[in-house]
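Comments concern the structure below.
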Amino acid sequence: MDRGLQDSPYACLRLGVALVLMTIGGVGMYSMPVALASIQAEFGVERAAATLPYTLTMIGFGLGGILMGRLSDRFGVIVPVLVGASSLGVGFIAVGTAPNLFTFTLAHGLLIGLGCSGTFAPLVADISLWFTRHRGIAVAVCASGNYLAGAVWPPVLNHFFEAAGWRPTFIGVGLFALAAALPLAFFMRRRAPLPVLSGELHGRKDLHARPLGVSPNALTAVLALAGVACCVAMAMPQVHIVAYCSDLGYGAARGSEMLALMLGSGVVSRLAFGWISDRIGGIRTLLAGSILQGIALVLFLPVDGLMSLYAVSALFGLFQGGLVPAYAIIIREYFAPGEAGLRVGIVIMATLFGMALGGWISGALFDLTGSYRAAFVNSIAFNLLNLTLALWLLRRARGAPLRTRPDPAGSIP
């Protein structure tokens, strides 16, 4: 494939389509935080039990990411996107008609989780192959679709929940996903310029035999553990802010607005961190994001006023948006392009396991203590683990060559 397609107008157009697809697919992540109180009341269960559909969705999202990454590496990104869009649409229709919590949880976890996976990790990995000079910002723009979904969907869902109820709303979302995402998927038929990249970047096998002085699998495991830790920390505000506001007496609508503000700020954060990562690399970007996320989590502890919560929610979004895209950048810096789909899928799986675990632990700690204070403390502790791993990666990176850093002219050394 012609290398001229990299950083080209076509690549930018493809990036725009990927952004839209990820925004549509992201509804699967953000429907449950908005519906949490409604689901709890509908099925008459405790907070931790009502969080299980979200937990299982994140597990399905994560496991599906590995499968979708493998499919993307082998057949091109169109296959996981088609599978994901179909599963997402059918899944929302299924949960909208679920007769009990077990059926609801199963459909949400298996169908919607798989649907989300087809419109996240494969798209991030694919876009990383279409850009060289501006890879960091391109990956950040693509990954921003996940947070753009968080800014768009909560208020939309909350409006229709109040107007029509959660069941008709979920069925409508399923029909919309099928009608909108499936046609867009066919724009992604062209394969990424992998053969040219492989030829240029693999002239010296020793550059990627032991990235950062460890085996590729060991480095992937460290990145996965870091992903779990950062997202357990991240899950507390993202999953429980709506319920937290309801408990404080501000109502679900205010909580939905805070979630939208948080994730809308995350879009700005991801773009800013993408620009930064093009200049300082993925590992330093991960470290900076970890420090800032920890600061924001600490700020949640002393505040419970409405305006203060709006402010801290916006700050949290601005501080933590660069964390997940940084893992994709690190993988593209230290691994072979032909491994991008699989390894990004593995690490994204780990981050989603972290979101699932963090959402459930926060609910369980709330049930145990009657407040969210212990849940915030737990999030801060996991953030410290992520920070420790980021510091370890930085120490290993000193003196280790980046494999894919372009020169000002866009060539690859």
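The values are calculated or read from the model by the stated rules, or taken from the named source; none is laboratory data. Being a predicted model, the structure only gives us computed values, none of them experimental. Here the Cβ is made from the backbone with ideal geometry for all residues, glycine too, and neighbour counts use every protein chain on show. When the accessible area is computed, the model is the full protein with side chains, heavy atoms only, and any ligands, DNA or RNA have been set aside. Shrake-Rupley method; radii C 1.70, N 1.55, O 1.52, S 1.80 Å.
Tabulated data
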| quantity | calculated |
| --- | --- |
| Check on I112, open to solvent by less than 10 Å² (accessible area, probe 1.4 Å) and touching a Cys at 6+ places or on another chain (Cβ under 7 Å) | no |
| Verdict on P337 being more than 19 Å from G227 (Cα to Cα), open to solvent by less than 10 Å² (accessible area, probe 1.4 Å) and either modelled with pLDDT of 85 or more or in contact with a Leu (Cβ under 9 Å, 6 or more places away or on another chain) (or both) | yes |
| Considering residues of the range 311-324 that are touching a helix residue (DSSP H, G or I) at 6+ places or on another chain (Cβ under 6 Å) and open to solvent by 10 Å² or more (accessible area, probe 1.4 Å) only, the residue farthest from T285 (Cα to Cα) | V312 |
| Pair list, Cβ < 6 Å and 6+ apart or interchain, from the range 161-184 residues that are assigned to a helix (DSSP H, G or I) to residues that are of a type in the set (A, V, I, L, M) and open to solvent by 60 Å² or more (accessible area, probe 1.4 Å) | none |
| Checklist (1) touching a helix residue (DSSP H, G or I) at 6+ places or on another chain (Cβ under 6 Å); (2) open to solvent by 10 Å² or more (accessible area, probe 1.4 Å); (3) assigned to a helix (DSSP H, G or I) applied to A192, failing item | (3) |
| Criterion (within 22 Å of F273 (Cβ to Cβ), open to solvent by less than 10 Å² (accessible area, probe 1.4 Å) and at pLDDT below 85) met by exactly one of G354, G345, G358 | G345 |
| Residues of the range 271-288 that turn out to be without any contact (Cβ under 8 Å) to a residue 40 or more places away in the chain and touching a Ser or Thr at 6+ places or on another chain (Cβ under 8 Å), as a count | 0 |
| Residue match in the range 230-237 (condition: surrounded by fewer than 18 Cβ atoms within 10 Å (Cβ to Cβ) and in a helix (DSSP H, G or I)) | no |
| Some residue of the range 384-396 being open to solvent by 10 Å² or more (accessible area, probe 1.4 Å) and free of Cβ contacts under 8 Å to residues at least 60 places away in the same chain | yes |
| Selection count where residues are within 30 Å of A253 (Cβ to Cβ), in a helix (DSSP H, G or I) and open to solvent by 50 Å² or more (accessible area, probe 1.4 Å), scope the range 30-84 | 6 |
| Complete set of residues in the range 364-396 that are small (G, A, S) and either assigned to a loop (DSSP other than H, G, I, E, B) or at pLDDT below 85 (or both) | G370, S371 |
